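The values are calculated or read from the model by the stated rules, or taken from the named source; none is laboratory data. Please read these numbers as outputs of a predicted model, since none were measured by experiment. Note: ideal-geometry Cβ built from the backbone for every residue, glycine included; neighbour counts use all protein chains shown. Quick note on the areas: whole protein, heavy atoms, side chains included, nothing else; ligands and nucleic acids left out. Shrake-Rupley method; radii C 1.70, N 1.55, O 1.52, S 1.80 Å.
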Amino acid sequence: MARIIAISSSKGGVGKTTTAVNLGASFAVAELSTLVVDLVTDGGVADAFGFRRRRVAGISMAGEVLPEKLLQKTNLEYLDLIFSDLYDTEDEERFSRRLLADRSLLGNFLSQLKERYSFILLDCPPSLGTTAYCALGAADSVLVPVQCEPHSLKSVSAILKTVRRYNHNSGRELGFEGFLLTMYDLRTSLSEIICERARHLLGNMLFYTIIPRNVRLAEVFLRGKPAVLMDVNCPGSRAYMRLAQEILERREMG
Ligand SMILES: Nc1ncnc2c1ncn2[C@@H]1O[C@H](COP(=O)(O)OP(=O)(O)O)[C@@H](O)[C@H]1O
Ligand SMILES: [Mg+2]
């Protein structure tokens, strides 16, 4: 049965989509069947694989058509995608209203796919609004990318509070898969300082793996390929493959 991980943060531009795509590809390279689900209006997951989004057969169809109809295969045998077909605020609000009317919609939809995959990664919007909140309801854990810059640590307390509130309201004990430092820049001491603060704040909730700032990762949306398909040995690919390994090891130990 798949482990469903919501990749979430209140902040945009911190590496959520980059993580969903490259972590998904890393699991797939390790022959672990993985599904990446795009819940975001900008539809970055499709761009990252060079697909043009279709008006239909996206996430807003969840619950209306058979899940298989929404799956998009990729060049990686073990990786499938579900696109976002949310293009603007109106689409997002319509989808939010559906989720509010039936809070178990996303969970029920994904539960039909759970047996096919080892991991399902949910690329969440840059807010902690309805969609992100309902993604928590469908998830087994939360992975939070934290960009190595001072303001990002503020978003850490926002997601800690949100998950605490979610657990209080739902009676669940949803936990964190981990907090992931992203865009670490070796040339500046700022990244080092943020890294130390994050370690102090988060202890072992912080992944040991750190994602460096790497041009190959920045090129993913431009070239329509996850980094492992461009250069398996670049620092970005290696970091995401280490992260996949760390997640597997943590699960074995837990
Ligand atoms: N490790 C990295 N190295 C270089 N560029 C990165 C890295 N991670 C993300 N980026 C770039 O930063 C921008 C924001 O990343 P993205 O994954 O879209 O963030 P989010 O989904 O949180 O909004 C994108 O242009 C992406 O290519
Ligand atoms: Mg994104």
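State yes or no: is TYR166 within 13 Å of ligand 1 (Cβ to nearest atom), in contact with a Leu (Cβ under 7 Å, 6 or more places away or on another chain), open to solvent by less than 30 Å² (accessible area, probe 1.4 Å) and among the hydroxyl-bearing types (Ser, Thr, Tyr)? The answer is no for TYR166. Looking across region 42-94, the residues that are away from ligand 2 (no atom under 16 Å from the Cβ) and hydrophobic (A, V, I, L, M, F, W, C) come down to VAL56, ALA57, MET61, ALA62, VAL65, LEU66, LEU70, LEU71, LEU76, LEU79. The residues on offer are SER84, SER127, and the sole one that is in contact with a strand residue (DSSP E or B) (Cβ under 8 Å, 6 or more places away or on another chain), in a loop (DSSP other than H, G, I, E, B) and either farther than 30 Å from VAL65 by Cα or among the polar types (S, T, N, Q) (or both) is SER84.
What do you reckon, is GLY178 within 25 Å of SER26 (Cα to Cα), small (Gly, Ala, Ser) and over 15 Å from the mean Cα position of the chain (by Cα)?
Spelling it out, it is not the case that GLY178 is within 25 Å of SER26 (Cα to Cα), small (Gly, Ala, Ser) and over 15 Å from the mean Cα position of the chain (by Cα).
Only one entry in THR18, THR41 is within 16 Å of ligand 1 (Cβ to nearest atom), at pLDDT 90 or above, buried (at least 16 other Cβ atoms within 10 Å of the Cβ) and not in a helix (DSSP H, G or I), namely THR41.
Which of the residues that make up region 21-38 are more than 24 Å from GLY107 (Cβ to Cβ) and either away from ligand 1 (no atom under 13 Å from the Cβ) or hydrophobic (A, V, I, L, M, F, W, C) (or both)? Walk me through it before giving the result.
From region 21-38, those more than 24 Å from GLY107 (Cβ to Cβ) are 22, 25-26, 29-31; that's our starting set.
Scanning region 21-38 gives ALA25, SER26, VAL29, ALA30, GLU31.
Would you say LEU186 is surrounded by fewer than 17 Cβ atoms within 10 Å (Cβ to Cβ), part of a loop (DSSP other than H, G, I, E, B) and among the aliphatic types (A, V, I, L, M)?
It is true that LEU186 is surrounded by fewer than 17 Cβ atoms within 10 Å (Cβ to Cβ), part of a loop (DSSP other than H, G, I, E, B) and among the aliphatic types (A, V, I, L, M).
Could you grab me the full set of residues in region 129-145 that are buried (at least 24 other Cβ atoms within 10 Å of the Cβ), farther than 21 Å from LEU86 by Cβ and of a type in the set (Gly, Ala, Ser)? Residues satisfying the conditions do not exist here.
The lone criterion from (1) surrounded by 23 or more Cβ atoms within 10 Å (Cβ to Cβ); (2) modelled with pLDDT under 90 left unmet by VAL56 is number (1).
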